[in-house]
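I have placed the structure first, in the form of structure tokens, so that the comments after it can refer back to it.
None of the figures in this text is laboratory data; all of them are computed from the coordinates on show. Predicted, not measured: the structure shown is a model, and the values here were computed from it. Cβ placement follows ideal geometry from the backbone for every residue including glycine, while neighbour counts extend to all protein chains displayed.
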């Protein structure tokens, strides 16, 4: 999906930021609400504004560095996008990820009372990535100098404080292709979106970007390529080693492939004293790709052997593990995932592909409640 958004940005500009992103919309709504309340919008002095815009690139670098270093998405607990999407979960979710909500309300909403789109301008890491795409974009805001009356409306209406009036082509990476400047221009055909000499309306640009976005999203959903979590054990059941990732510990690897830790060590020819609770990426001398390849080869060999009667699923719900997903449990005991969720009192939209231990942590409960729910449902 991310590659698709970058491609859209190169084709028609940063319309994701202006037409789709909920955080950008929140920033603009906050600014409009503040103006109605009589709060004066301000702009940072150029000497501060210009270097401050590079902060988002620093944020992006820090996220990438720590994600690579830790083997997991380091930004998750601070992401205001996640906070916004989980806002309906209420106070419990705010307690779970307080920093994400502090950033959401502080930099996305409240800061925009005084500086419109504060988050977008100075801190958004996705905006930093898409800014690169904007520099490469085929579509730019262009100005006809011979008909420009220099009314400054384009500068006054720009939500990110650009000044299209001062140039023939707006090449700034900060442009979010919202079209407010072109729509406010009082002289027809003076300020417009264009590819070379081809003129396009802001509405056409926005709708084109939206159609491309939903086409990519719909295609990913229909094709089965849409995933928000790593493949579950059910998805990797042909060769469970396909579900191994560098952020996992040896213990998690063993749970994923349904082997003992000692067996994994034997197959991958690892030292017996290897740490069991440290991410593979952080263990010196261990290559997670080589480990995955060793286990894949092991399971491929097992599958080529004469078929034997497969082991029955654990009939005792006490054997349900936190590494299993809700989908795994529902399939294993021939139950509806929705029935299990109702029994434990979790939201019905909880992901069936997320490990139970992560769901339990999210709702501040223990995996044991799932075991008890399954027991009760099996007795009915």
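Using a ≥ b ≥ c from the Cα gyration tensor of the stretch 107-157 (square roots of the eigenvalues), is it rounded, prolate or oblate, where a/c under 1.5 gives rounded and otherwise the larger of a/b and b/c decides, a/b for prolate? Oblate, because a/c is 1.5 or more while a/b does not exceed b/c. Assuming a viscosity of 0.890 mPa s and a temperature of 25 °C, what translational diffusion coefficient in µm² per second does Stokes-Einstein assign to the stretch 249-380, Rh being the Kirkwood radius over Cα pairs? The calculation lands on 147 µm²/s. Given R0 = 51 Å, the distance between the Cβ atoms of residue 303 and residue 99 translates into a calculated FRET efficiency of 0.65.
Across the stretch 1-120, Cα-Cα pairs farther apart than 18 Å form 63% of the total. The gain in end-to-end length when the residue 365 to residue 166 segment is fully stretched comes to 65.8 nm, 0.36 nm per residue minus the alpha carbon separation.
If you line up the long axis of helix 125-136 against the longest principal axis of the chain, both from Cα atoms, how many degrees apart are they, to the nearest 10? On a 0 to 90 degree scale, this one is about 60.
Only helical runs count toward this figure. For the chain, summing -39,500 (n - 2.57) over DSSP H runs of n ≥ 4 and dividing by all residues gives -14000 deg cm²/dmol at 222 nm.
Treating r as the C-beta distance of residue 203 and residue 20 and R0 as 22 Å, the FRET efficiency rounds to 0.90.
Computed from Cα positions, the angle between helix 288-304 and the longest principal axis of the chain comes to roughly 50 degrees. With R₀ set to 41 Å, the beta-carbon distance separating residue 377 from residue 251 gives a calculated FRET efficiency near 0.90. Normalised size of the stretch 240-304, defined as Cα radius of gyration per 2.2 N^0.38 Å with N residues, equals 0.99. Using Cα atoms only, what is the angle between the long axis of helix 202-223 and the major principal axis of the chain, expressed in degrees (0 to 90) to the nearest 10? Orientation of helix 202-223: about 10 degrees from the principal axis. For the chain, the square roots a ≥ b ≥ c of the C-alpha gyration tensor eigenvalues yield an a/c of 1.5 or more together with a/b exceeding b/c, which makes the shape prolate. If you take the Cα centroid of the stretch 246-282 and the Cα centroid of the stretch 337-380, the two points sit 27 Å apart.
Its Cα gyration tensor gives the stretch 2-219 an equivalent ellipsoid; the semi-axes, largest first and in whole Å, are 30, 21, 16.
Gain on full extension, evaluated as 0.36 nm per residue between residue 152 and residue 187 minus their Cα-Cα distance, stands at 11.4 nm.
Any chance you could list P(r) for the stretch 317-379, counting all Cα-Cα pairs in 5 angstrom bins from zero, rounded to whole %? Computed distribution, short to long bins: 4, 21, 38, 29, 8, 1. Peptides 107-120, 152-165 ranked from most to least packed by the mean count of surrounding Cβ atoms within 10 Å: 107-120, 152-165.
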